[in-house]
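Working notes, beginning with the structure itself.
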């Protein structure tokens, strides 16, 4: 078995378990949780968008099973997997961008921070809009999404140096 698959498989299970049992227990303001499991979707090198969306769904589904959250994480995982190449294209220079082979480590620190911020904001917005499921508390869902995206961004920036590119190519 290839060592790369083993390391990314470990990262998949580690982040989903950490999300369910550590970060899912943080309830800032009663409802805001950092969503650190998205780091796997942001880091994994996948060459097809459909493969990445399948991994995003499986990761979100595993977090949903562990937390009993009814599909919100699966939907947000698919959403950020779909938007990942757009986010990379938005923050990186056009000349060195390739959605499949552009490693996150090749981005500058400011590009990486912006990339994490954009996709964590999108993921938090999807989570809290699906959670509220009503039109009247949109402002509250937006506030929770903003706070959660900030917490997620901060944790991604702190955790990234420890898990960056588990496989050096």
### Summary
Of the residues in segment 59-94, those that are assigned to a helix (DSSP H, G or I), surrounded by fewer than 15 Cβ atoms within 10 Å (Cβ to Cβ) and either modelled with pLDDT of 90 or more or in contact with a helix residue (DSSP H, G or I) (Cβ under 8 Å, 6 or more places away or on another chain) (or both) come to 65, 90
### Task
Please go through segment 44-58 and pick out each residue that is in a helix (DSSP H, G or I) and modelled with pLDDT under 85.
49
### Task
Would you check if residue 99 is surrounded by 13 or more Cβ atoms within 10 Å (Cβ to Cβ), modelled with pLDDT under 80 and part of a loop (DSSP other than H, G, I, E, B)?
yes
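So, residue 133, is that one farther than 14 Å from residue 73 by Cα and modelled with pLDDT under 80 or not?
Judged against the criteria, residue 133 is a match.
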### Message
I want to confirm something. Restricting to segment 27-42 and keeping residues that are surrounded by fewer than 19 Cβ atoms within 10 Å (Cβ to Cβ) and in contact (Cβ under 8 Å) with a residue 40 or more places away in the chain, which single residue is farthest from the chain's Cα centre (by Cα)?
### Response
29
### Query
In segment 14-26, which residues are exposed (fewer than 13 other Cβ atoms within 10 Å of the Cβ), free of Cβ contacts under 8 Å to residues at least 40 places away in the same chain and assigned to a helix (DSSP H, G or I)?
25
### Query
Among the residues of segment 113-129, which ones are in contact with a helix residue (DSSP H, G or I) (Cβ under 6 Å, 6 or more places away or on another chain) and farther than 16 Å from residue 81 by Cα?
114, 128, 129
### Query
When the residues of segment 43-58 are filtered to those that are within 17 Å of residue 163 (Cβ to Cβ) and over 12 Å from the mean Cα position of the chain (by Cα), which remaining residue is surrounded by the fewest Cβ atoms within 10 Å (Cβ to Cβ)?
45
### Task
Check residue 142 against each of (1) at pLDDT below 80; (2) crowded, with 18+ Cβ neighbours inside 10 Å and name the one condition it does not meet.
(2)
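The values are calculated or read from the model by the stated rules, or taken from the named source; none is laboratory data. It should be emphasised that the depicted structure is a prediction, and the values quoted were computed from it without experimental measurement. Cβ sites come from the backbone with ideal geometry, for glycine too, and all protein chains shown count toward neighbours.
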